[in-house]
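Read through the structure below, which is laid out as structure tokens, and then see the notes.
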Amino acid sequence: MTGRVEGKVALISGAARGQGRSHAVRLAQEGADIIGVDICGPIENLAYPASTPADLAETAELVRAQGRRIVTAQLDVRDYEALKAAVDSGVAELGRLDIVVANAGIGTFGSKLHKMPESIWQDMIDVNLSGVWKTVKSGVPHIISGGRGGSIVLTGSVGSHKALAYTGHYIAAKHGVLGLMRSFAVELGQHMIRVNSVHPSQVNTPMTMNEVTFRLFRPDLENPGPDDFAPFSQMTHTLPVPWVEAIDISNAVLFLASDESRYITGVSLPVDAGALLK
Ligand SMILES: NC(=O)c1ccc[n+]([C@@H]2O[C@H](COP(=O)([O-])OP(=O)(O)OC[C@H]3O[C@@H](n4cnc5c(N)ncnc54)[C@H](O)[C@@H]3O)[C@@H](O)[C@H]2O)c1
């Protein structure tokens, strides 16, 4: 039996850990080779631990354990020239490009918009919005020149569809991702390139499962942990679960990346345990 993305090549940003790693492994399980990029280091103002080169190396090992090839590069999605160089050489090595998953992102919170320092605003827009645009931009020429069409999946958030206080810069960037998705879908349709987005609620990855989040929700406790955060997180959902797992997003990405969704484009798919119903 062939895999659901057998023989295809996928570019994935933010591949060192969390959802990006999960997407890389899931697509590899179904037959894709991977170009995985990640900054593997700190970004200013992030209050949770950064990914490391060892994380990206572990993703590479996990992909190879599926019998697939992977090319990795340590780079910042804010740097288009670095992205272009990595994608050009990844495609030269792996032979083609069919799928782009623009997943890399950061989370910061704590200021109201009218009091937010400009640097915090700017980093967010540069990474979570412009970085998505640059990632797609670096891959599109290769998909077009392949002449076989392709699939692009952008990572939004529940915050692409509704607002939350103290995260206005994140909300603005993620709303922008929705606009990017729709605009790319309109422009690339003639090439049989489909563009869709996935919209997670809280995911069990370091971006959300960290001390800062726990303290935000439980300022009353000295050392709050995931169990203290869980009931508050669950209140945002319709289904009785506190968060979703990275694999749940990966399965949605896989469907959108595969030919099973061959006539689906311009769609925003929540993977949010019903958060957007509330
Ligand atoms: N975790 C959640 O609760 C949640 C919810 C909704 C949406 N999201 C979105 O999902 C995506 C993936 O996040 P995650 O949950 O896997 O978090 P994560 O922090 O575990 O992983 C994000 C990865 O992106 C990389 N990255 C960040 N900035 C980068 C840059 N400038 N250049 C290159 N790589 C960069 C990080 O190094 C990290 O490896 C993000 O776009 C995030 O906004 C997350």
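The values are calculated or read from the model by the stated rules, or taken from the named source; none is laboratory data. Note that the coordinates shown come from a computational prediction; the quantities given were computed from them, not determined experimentally. Don't worry about glycine lacking a Cβ; one is built from the backbone with ideal geometry, like all the others, and counts go over all protein chains shown. For accessibility, only protein heavy atoms count, side chains too; no ligands or nucleic acids. Shrake-Rupley method; radii C 1.70, N 1.55, O 1.52, S 1.80 Å.
Does any residue in the stretch 11-37 that is at positive phi come within less than 6 Å, Cβ to Cβ, of a residue that is among the polar types (S, T, N, Q) and not in a strand (DSSP E or B) six or more places away or on a different chain, and which pairs are these?
Correct list of pairs: GLY14/ASN103; GLY18/THR205.
For the stretch 227-253, what are the residues that are open to solvent by less than 60 Å² (accessible area, probe 1.4 Å), part of a helix (DSSP H, G or I) and within 16 Å of GLY156 (Cα to Cα)?
ALA246, ILE249, SER250, ALA252, VAL253
Go through the residues of the stretch 256-275 one by one and say whether even a single one is in contact (Cβ under 8 Å) with a residue 40 or more places away in the chain, open to solvent by 70 Å² or more (accessible area, probe 1.4 Å), more than 22 Å from LYS162 (Cβ to Cβ) and within 16 Å of the ligand (Cβ to nearest atom).
no
Being in contact with a His (Cβ under 6 Å, 6 or more places away or on another chain) and not hydrophobic (A, V, I, L, M, F, W, C) is the requirement here; does PRO206 meet it?
So PRO206 fails the test.
Among the numbered criteria (1) open to solvent by 30 Å² or more (accessible area, probe 1.4 Å); (2) among the small types (Gly, Ala, Ser); (3) within 14 Å of the ligand (Cβ to nearest atom), which one does GLY110 miss?
It fails just one condition, (3).
For every residue, the table says whether it meets (1) open to solvent by less than 40 Å² (accessible area, probe 1.4 Å); (2) at pLDDT 95 or above; (3) within 16 Å of the ligand (Cβ to nearest atom).
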{"site": "GLY14", "(1), (2), (3)": "yes, yes, yes"}
{"site": "PRO42", "(1), (2), (3)": "no, yes, yes"}
{"site": "PRO53", "(1), (2), (3)": "no, yes, yes"}
{"site": "GLU61", "(1), (2), (3)": "no, yes, yes"}
{"site": "ARG78", "(1), (2), (3)": "no, yes, yes"}
{"site": "ALA85", "(1), (2), (3)": "no, yes, yes"}
{"site": "LEU97", "(1), (2), (3)": "yes, yes, no"}
{"site": "VAL100", "(1), (2), (3)": "yes, yes, yes"}
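Yes or no: VAL37 modelled with pLDDT of 95 or more, within 8 Å of the ligand (Cβ to nearest atom) and in a strand (DSSP E or B)?
Values: modelled with pLDDT of 95 or more: yes; within 8 Å of the ligand (Cβ to nearest atom): yes; in a strand (DSSP E or B): yes.
Yes: the conditions hold for VAL37.
Of the residues in the stretch 49-58, how many are in contact (Cβ under 8 Å) with a residue 24 or more places away in the chain and more than 11 Å from ASP38 (Cα to Cα)?
Number satisfying all stated conditions: 2.
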